[in-house]
Amino acid sequence: MGRYYNGDIDGKFWFALQDSSAADRFGSTGESTHLSYYFDDSHTELIESELSDIQSKIDIAKIDGFFKKNNGYNDDMLKEAGILKEDLKEYADYKLGIQIRDFVRESGECSFDAEI
C-alpha cells in the first residue's frame, strides 16, 4: 500500500519517510481531503531555492549511486553506505522537486493531487 500523487506529474511518496504534503515546501499548499497542488513560473525562484537548500544538506550523487546499485534499502544497507535515514527524506523531496521544476520549465505550469 502506498500514497500516490498524480496529475501533470505522477509518483509515489516514499513509505515512512515522505509526507503527503512534501510539495508544500516548494511554494504551494495542498487542500484538506487530498492535497491539490498548482505551480507555475511564479514558483520557479522558490523551487530552485529549495532544491539548492536540499543539495547543500545531502550528497545527492552518493544517494543516486546507492540506488543505481540497489533496488531497495534497509537500515543495514544505509549504514554500510554511510547514508542517514533523514537524508533519504530530503532525497525523496528533492526528487519530487525536480519533477515539479522540470514540468514547470517544460509546460509553464504543473498541477497534481496527492493522497493523504
Applying the selection to the range 6-36, what residues are touching a residue at least 24 places away in the same chain (Cβ under 8 Å), within 14 Å of Leu96 (Cα to Cα), open to solvent by 30 Å² or more (accessible area, probe 1.4 Å) and assigned to a loop (DSSP other than H, G, I, E, B)? Asp8, Asp10, Trp14, Ser21
Is it the case that Ser42 is at negative phi and more than 15 Å from the chain's Cα centre (by Cα)? yes
Somewhere in the range 48-59, is a residue on the phi < 0 side of the Ramachandran plot and not in a helix (DSSP H, G or I)? yes
Do we find that Gly97 is open to solvent by less than 30 Å² (accessible area, probe 1.4 Å), within 20 Å of Tyr4 (Cβ to Cβ) and at pLDDT 95 or above in this structure? yes
Filter the range 65-96 down to residues that are in contact with a Lys or Arg (Cβ under 8 Å, 6 or more places away or on another chain) and under 27 Å from Tyr37 (Cβ atoms), then give me how many there are. 3
Check Phe103, Phe39 and return the single one that is of a type in the set (Phe, Trp, Tyr), surrounded by 14 or more Cβ atoms within 10 Å (Cβ to Cβ), in a helix (DSSP H, G or I) and touching a residue at least 60 places away in the same chain (Cβ under 8 Å). Phe103
Failed condition for Glu86, given (1) more than 18 Å from Cys110 (Cα to Cα); (2) open to solvent by less than 70 Å² (accessible area, probe 1.4 Å), with all others met? (2)
As an exercise: evaluate Asn71 against (1) of a type outside the set (Lys, Arg); (2) surrounded by fewer than 11 Cβ atoms within 10 Å (Cβ to Cβ); (3) touching a residue at least 24 places away in the same chain (Cβ under 8 Å) and give the number of the one condition it does not meet. (3)
Does the range 43-50 include one or more residues that are open to solvent by less than 80 Å² (accessible area, probe 1.4 Å) and of a type in the set (S, T, N, Q)? yes
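The values are calculated or read from the model by the stated rules, or taken from the named source; none is laboratory data. Model, not experiment: these values are computed from the prediction. Cβ atoms come from the backbone with ideal geometry, glycine included; neighbour counts cover every protein chain shown. Heavy atoms of the whole protein, side chains included, go into the accessibility calculation; ligands, DNA and RNA do not. Shrake-Rupley method; radii C 1.70, N 1.55, O 1.52, S 1.80 Å.
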